[in-house]
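These notes are about the structure you will find just below.
The values are calculated or read from the model by the stated rules, or taken from the named source; none is laboratory data. In this text the structure is predicted, and so the values were computed from the model without any measurement. In this analysis, Cβ positions are derived from the backbone assuming ideal geometry, glycine residues included, and neighbour counts consider all displayed protein chains.
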């Protein structure tokens, strides 16, 4: 479920017209739905109600302060991967004590910062990191809560750049090494062995890899808990979303695909995993990102030119790969719809941006209705790994971001002024 739908012939977010927002704030423009964030969090939270649990939003998917505040108000914790993300949680009014800190390259400064803030746990990725955390905690005279990340060597069959649970990936410690690593960690000073963590990849739309991973790891958790007295078992994130046919309900016939596309729901996810998790008697941590924020956001762009080259029909828009890099980086699919409904026969179109790269595209040979200069298009499912992965390539300022709640809309990130891009730069004194 998400809250982007046509009201008559115009696309709306909850009770607000997308065209009105685009005219008021300009494009490119990110629009987020408060209702969608709330709905997705609530459904996952309710699905795991039979066990003690904590949802920790993977804020690398979307770190806008307003998004963080919405989720914090719902009771979310946060999965962070840098000291900067922990600071963002605080800036948004969240509690650092609800944060877990993941990532393979934590610096001593970041570890010290996290310890001073009293984070819930470090998700530890290597033996060298365990030693570093112990050393920093000893120096600060603090006890560091840790959970080693186990790599269960389960192939999630997702995109190569977002799989994390096999021995070819840089993440975690091999399943066969975990007992030895915990034994060593138990002898290091100033560590508290608080749990075990795993994560096998992102954008999984089948529950089977999750089930296989939990089935494999649960007996290990049970054994380690008996020795060290754990508080939790973190099963990571990775629940996928619908990117194609994201607006199928109420959509015009020219882009409606055959019914039957399946998606992993919170109920199916929980129903499959709870029988494996309940016997452990531990708090369950979940670290979803895309599932909560992905379909809660869109990127609105304006058609600048129509260009025909040989057999190609190009729709050149003002958004670019620096605004939404997923199609260029992952060959990802995003549904693209006109903000104002169009009729007529669809035209196979390449939707491309203005950046001087052949990779600057959002779709190739995509059937779209005839659009003209000045029309608005919406790229759906852009609330995860969208703005957060933005850059200033080609000296382009970052776009405005708006959060909608009901009939209200608020700017939650102002468009970056061009001069701000180089505000921290300077010419050398001899120039």
Worksheet item: Does residue 325 satisfy the condition of being touching a residue at least 60 places away in the same chain (Cβ under 8 Å) and more than 29 Å from residue 40 (Cα to Cα)?
Response: no
Practice prompt. Taking only segment 20-60 into account, find how many residues are under 25 Å from residue 316 (Cβ atoms), surrounded by 18 or more Cβ atoms within 10 Å (Cβ to Cβ) and more than 16 Å from the chain's Cα centre (by Cα).
Written response: 6
Worksheet item: Applying the selection to segment 119-137, what residues are free of Cβ contacts under 8 Å to residues at least 40 places away in the same chain and out of contact with any strand residue (DSSP E or B) (no Cβ under 9 Å at 6 or more places or on another chain)?
Response: 128, 132, 135
Item to complete: Give segment 280-315 a look and list any residue that's in a strand (DSSP E or B) and over 27 Å from the mean Cα position of the chain (by Cα), or say none.
Response: 303, 304, 305, 306, 307, 308, 309, 312, 313, 314, 315
Discussion item. For the condition surrounded by fewer than 20 Cβ atoms within 10 Å (Cβ to Cβ) and either assigned to a loop (DSSP other than H, G, I, E, B) or at pLDDT below 95 (or both), what is the one hit in 213, 259, 246?
Written reply: 259
Practice prompt. Could you list, in sequence order, all residues of segment 365-389 that are within 15 Å of residue 321 (Cβ to Cβ) and surrounded by 22 or more Cβ atoms within 10 Å (Cβ to Cβ)?
Written response: 379, 382, 385, 386, 387
Fill in: Some residue of segment 362-385 being assigned to a loop (DSSP other than H, G, I, E, B), free of Cβ contacts under 8 Å to residues at least 12 places away in the same chain, in the same structural domain as residue 320 (by TED's automatic domain parsing) and more than 25 Å from the chain's Cα centre (by Cα)
no
Discussion item. Taking the conditions exactly as written (in the same structural domain as residue 275 (by TED's automatic domain parsing), over 24 Å from residue 194 (Cα atoms) and without any contact (Cβ under 8 Å) to a residue 60 or more places away in the chain), does residue 92 satisfy them or not?
Written reply: yes
Worksheet item: Where in segment 1-89 are there helices (runs of 4 or more DSSP H), lying fully within it, with 1 or more residues that are in the same structural domain as residue 109 (by TED's automatic domain parsing)?
Response: 34-47, 65-73
Practice prompt. Give the residue that is modelled with the lowest pLDDT, with candidates limited to residues of segment 131-151 that are touching a helix residue (DSSP H, G or I) at 6+ places or on another chain (Cβ under 8 Å) and surrounded by 23 or more Cβ atoms within 10 Å (Cβ to Cβ).
Written response: 151
Fill in: Residues within segment 178-199 that are in contact with a strand residue (DSSP E or B) (Cβ under 8 Å, 6 or more places away or on another chain) and either closer than 28 Å to residue 212 by Cα or surrounded by fewer than 20 Cβ atoms within 10 Å (Cβ to Cβ) (or both), tallied
14
Practice prompt. Check segment 98-110 and report whether any residue there is closer than 24 Å to residue 401 by Cβ and not in a loop (DSSP other than H, G, I, E, B).
Written response: yes
